[in-house]
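Chemist: Below is one structure. I have some questions about it.
Quick note: the coordinates plus some simple rules give every number you see, no bench work behind them. Every value quoted in this text rests on a predicted model; they were computed, and no experiment measured them. Note that we place each Cβ from the backbone using ideal geometry, even for glycine, and neighbour counts take in every protein chain shown.
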Amino acid sequence: MTRWIWSAALLLALAALAGCDDGESPAATPDQGGMMTADGGTACRGDDECPADQRCREGLCADCTGSLGCACDAEGACATGECVGDTCTDCQRGALGCACTQMGGCDLGGTCDEATNTCVECPAGQDGCACGFNDFCEIGLLCQAGVCAAPPCPAGTEGCPC
């Protein structure tokens, strides 16, 4: 008799846990390493279990567009940081590897790659770059205040602006 009661209690508990499918909630299925929740979200324990455009927040994958480490928004902007290579990064405009300044400039030692709007290393001795060893600059340039530039053209000199 005791065995029968235990068996009946176990079956009753299993039936209660199984529940009924109301046809509205999707069944749990694996998705990107996590498990899909009843409302269609993806459960997670870490960012690596979420799609590339999402991060794990409070146990669920959530959109992170415009946040650090995530895709930039549709306008190429970020809520925090700067958009570099379609990813929001913790960059200061003008720093190497970061977006160029609004005027297309970069910190000393960098030059703006106009195709990507990113500051890249500026080879020493080239126009607009830091002077090389012993104030070296390419032919036709002078080292002025640590930067290679065209020599000044005094007003009134032939070929110079008035």
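Chemist: Quick check on the range 101-162: take the gyration tensor over C-alpha atoms, sort the square-rooted eigenvalues as a ≥ b ≥ c, and tell me if it's rounded (a/c under 1.5), prolate or oblate.
Modeler: Numbers: a/c = 2.79, a/b = 1.46, b/c = 1.90.
The shape class here is oblate.
Chemist: Can you pull the one-decimal nm distance between simple spin-label points at LEU96 and ALA62, each 7 Å off the Cα toward Cβ?
Modeler: 3.7
Chemist: Apply 1/(1 + (r/R0)^6) to the Cβ-Cβ distance of ASP53 and GLU114, taking R0 = 25 Å, and write down the FRET efficiency to the nearest 0.05.
Modeler: Numbers: r = 28 Å, r/R0 = 1.11.
That gives a FRET efficiency of 0.35.
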